[in-house]
Amino acid sequence: MTDMIVVSDYHPGWPERFEDLRQRLAPHVAGLAVSIEHVGSTAVPGCAAKPIIDLDIVVSEESVMPELVSRLAGQGYRHEGDLGIRGREAFQAPPASSGHHLYAVVAGSKPHLDHVLLRGYLRQRPDEVRRYSALKVALAHRFPADSEGRAAYSAAKSALVEELVAKSYAAWAAGASGREADRTGW
């Protein structure tokens, strides 16, 4: 039998793992990064997730990306391009590094807002977290942990992710999230 995709219940140690990664990366992106954000499901308390930390290195403008790519390459990261998401650069972590996905985005760009608005929206709505978690757990049991299975898993959850992202933008536009931005990290 093929191994299934691993999706686990929320682990309270994920923010600590993020912070460790952030502190290790920060000196190498100093002067280029506006911030390093914990994004994705591991950044949402109570959300089931693959135990892989997603990080966004947020820069002020596109023109610093070549220097950022160079600095990260010096730390063993391999630049993978945008992987089909325009405005977001992806990096493969060094082999000895703990499980994480690293991205670079421009502050205020669509990929940046998609990540932080969705994170903030879910942090405010436990009912949506439960719905999203239930889908991810069910899909993880359905698909094998090979490259085809992971692609199918991502495709199968994309409709709900798109719905939640749209709701996060609507909440932000309505001002519901704007007042919460400082408190929730939106």
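The values are calculated or read from the model by the stated rules, or taken from the named source; none is laboratory data. Since we're looking at a predicted model, the values are computed, not measured. The protein model used for the area step is the full one, side chains on, heavy atoms only, and it has no ligands, DNA or RNA in it. Shrake-Rupley method; radii C 1.70, N 1.55, O 1.52, S 1.80 Å.
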Next item on the list: Enter the accessible area per residue of region 1-124 (Å², integer; probe 1.4 Å; all protein chains in place).
Entry: 48
Margin query: Give me P(r) over region 51-114, computed from all C-alpha to C-alpha distances, binned every 5 Å, as integer percentages.
Written below: 4, 19, 30, 27, 15, 6, 0
Next item on the list: For region 21-70, state what percent of all Cα-Cα pairs lands in each successive 5 Å bin, counting from 0 Å until the bin that includes the largest distance.
Entry: 4, 20, 26, 19, 14, 10, 6, 0
Notebook entry, point to check: Can you give the Rg to Rh ratio of region 1-108, both from alpha-carbon atoms, with Rh computed by the Kirkwood formula?
Noted result: 0.98
Next item on the list: With a length cut of 30 Å (Cα positions projected on each helix's long axis) and a Kyte-Doolittle mean of at least -1.0, go through the chain and give me the DSSP H helices that pass.
Entry: 147-173
